[in-house]
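Every read-out reported here was derived from the displayed coordinates using simple, explicitly stated rules and does not represent laboratory data. Note that the structure is predicted; figures quoted are calculated from it, not measured. Here the Cβ is made from the backbone with ideal geometry for all residues, glycine too, and neighbour counts use every protein chain on show.
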Amino acid sequence: MNARFKAQRETRDYQASDAAHHIHAFLDQKALNAEGPRVMVRGEGLYLWDNDGKRYLDGMSGLWCTNLGYGRQDLNAAAARQLEQLPYYNMFFHTTHPAVVELSEQLFELLPDHYSHALYTNSGSEANEVLIRTVRRYWQVVGKPGKRIMIGRWNGYHGSTLGSTALGGMQFMHEMGGMLPDFAHIDEPYWFAHGGELTPAEFGRRCALQLEEKILELGAENVAAFVAEPFQGAGGMIFPPESYWPEIQRICRQYDVLLCADEVIGGFGRTGEWFAHQHFGFQPDTLSIAKGLTSGYIPMGGLVLSKRIAEALVEQGGVFAHGLTYAGHPVAAAVAAANLRALRDEGIVERVKDETGPYLQRCLRELFGDHPLVGDIQGTGLVAALQFAEDKATRKRFDNESDIAWRCRTIGFEEGVIIRSTLGRVIMAPALVAGRTELDELLEKTKLAVDRTAQELGRL
Ligand code: PMP
């Protein structure tokens with residue numbers, strides 16, 4: 001490891017101080033304190049190093065975000081330049097600045113013509129928080145203030161703030177004080193688990209029809225929007241059957257319900273298209289973005305509006321009483337603009353679509369198509385999931401599938417690869433700059449982790 005990054009303090013010293021002062025995300029803090037977190041100190045390309053010098057291949061792009069990999073000098077330089085020139089200014093006092101203007105120009109150059117405006121935020125949760133208010137405001141402006149209810153999906157994830165938690169479908173989060181009135185949910189299109197005797201196409205349509213039933217139950221005059229991830233990320237990397245999105249779109253149009261895509265994970269090239277809705281072939285009214293917008297180098301998110309919504313808000317809406325101190329932050333905007341420039345000029349998204357994505361997907365199917373622990377393989381581009389199953393033919397899942405996937409991911413860490421577990425699945429989403437060498441290492445180490453898990457279960 002580069003001498004510059006030699007451990008400054010003992011790992012256990014960092015861990016003790018962390019345990020004394022810091023509450024982590026989605027973890028039992030007491031158990032974590034007993035174990036001690038890994039202390040990550042450096043990143044370069046797809047690799048991370050911990051404080052003890054152990055190297056990991058990051059198969060998850062941090063948390064689905066470091067799409068350009070670690071250590072990009074162009075992004076660092078963009079931040080440094082902007083910090084020198086203008087580290088902060090707000091959007092409240094009738095002002096703007098070049099960094100945010102240039103970011104918007106770049107963003108709308110790569111977005112389909114259907115979209116025209118964005119509101120910027122600091123995170124994906126905030127993007128969805130802003131979505132809820134913006135959608136409700138839109139319906140007020142166009143004279144239908146009764147349309148307030150937001151419909152999401154069970155097991156969908158839209159963030160950890162209050163509104164985004166209620167919009168999401170994680171029941172354990174709702175139970176911890178995270179539910180609000182005027183939110184409803186329909187089932188996730190998870191064929192492997194819930195498809196029964198239906199074909200994927202039949203099941204996709206069946207799941208979509210639940211939206212129609214829900215709208216009729218609530219009254220279309222009360223429903224503002226349907227919000228979903230084009231493919232479900234945190235809820236297990238669940239790809240809907242092809243029949244799903246066209247039917248959802250038909251229903252939203254028929255009942256005048258806005259169709260809102262959460263592109264926080266799927267946006268900026270993950271599927272090989274710039275946005276995941278383009279992969280699935282539907283046209284949302286809004287896009288929630290974050291993560292890949294800056295490749296995670298600095299926090300930034302946003303809500304992209306279709307021309308129809310933007311026009312109503314701008315031309316007829318008057319003051320929209322909403323604003324964030326750091327919306328369109330110049331340093332974040334400069335990093336985002338540099339990130340989008342790199343993705344575009346280096347042809348990274350095209351490479352995911354034509355080369356690296358098909359390569360990863362083909363190799364996964366060759367390696368795991370007949371594996372005794374794997375029941376299903378899903379994904380496209382540089383995102384994929386392996387579903388563990390007791391019996392592939394009948395799609396019987398293990399009773400303790402979450403423990404099995406967690407064990408597999410833990411072995412992955414031991415083997416020096418970071419993959420994620422969600423329910424009975426392990427997920428990978430490497431940086432979009434991954435080449436064949438890194439993908440081969442990801443595949444090889446994931447295979448080792450899955451094989452070792454299968455051996456422990458006596459299935460290999
Ligand atoms: N939407 C989706 C689809 C996400 O995956 C996430 C984060 N994993 C969020 C929203 C929330 O983003 P953030 O953590 O930046 O608030």
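Summary of values
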| read-out | value |
| --- | --- |
| Residue (of ALA16, PHE203, SER125) at the positive-pole extreme of the chain, dipole from beta-carbon charges | ALA16 |
| Tensor-based shape of the range 42-176 (alpha-carbon gyration tensor, a/c under 1.5 rounded, otherwise prolate or oblate) | oblate |
| Potential extension, ARG55-ALA393 segment - 0.36 nm per residue separation minus Cα distance | 117.9 nm |
| Unit charges on C-beta of K, R, D, E only; dipole of the chain, Debye | 420 |
| Relative contact order of the range 243-321, defined on C-alpha pairs under 8 angstrom at six or more residues apart (%) | 24 |
| Paired Rg and Dmax values of the chain, which use every Cα atom, in angstrom | 22.1, 67 |
| Mean ellipticity per residue at 222 nm, deg cm²/dmol - from DSSP H runs of n ≥ 4 across the chain, formula -39500 (n - 2.57) | -12500 deg cm²/dmol |
| 26 Å Cα-Cα threshold exceeded, pairs from LYS54/LYS445; LYS392/LYS445; LYS144/LYS214; LYS353/LYS396 | LYS353/LYS396 |
| Residue order, fewest to most surrounding Cβ atoms within 10 angstrom, among ASP50, ASP399, ASP285 | ASP399, ASP50, ASP285 |
| Debye-sum result for the range 283-441 in log10 I(q)/I(0), which assumes one identical scatterer on each alpha carbon, at q = 0.11, 0.13, 0.16 Å⁻¹ | -0.65, -0.83, -1.03 |
| Cα shape, the range 74-345, gyration tensor, a/c 1.5 rule | prolate |
| Added length on full extension, which subtracts the Cα-Cα distance from 0.36 nm per residue, GLU414 to ALA34 | 134.9 nm |
| The range 338-460, relative contact order in percent, only Cα pairs under 8 angstrom and at least six apart counted | 23 |
| Computed over the chain: relative contact order in percent, which uses C-alpha pairs under 8 Å that are six or more apart | 19 |
| Under 13 Å, Cβ to Cβ, from LEU162 - net charge with Lys/Arg +1 and Asp/Glu -1 | -2 |
| Amide H partners (placed H, <5 Å) of GLY45, local residues excluded | TYR70, GLY71 |
| Residue exposure sequence - TYR47, TYR56, TYR120 - by fewest surrounding Cβ within 10 Å | TYR47, TYR56, TYR120 |
| Ascending count of other beta-carbon atoms within 10 Å, so fewest first, for PHE268, PHE192 | PHE192, PHE268 |
| Rounded if a/c under 1.5, otherwise prolate or oblate - the range 282-327, Cα gyration tensor axes | oblate |
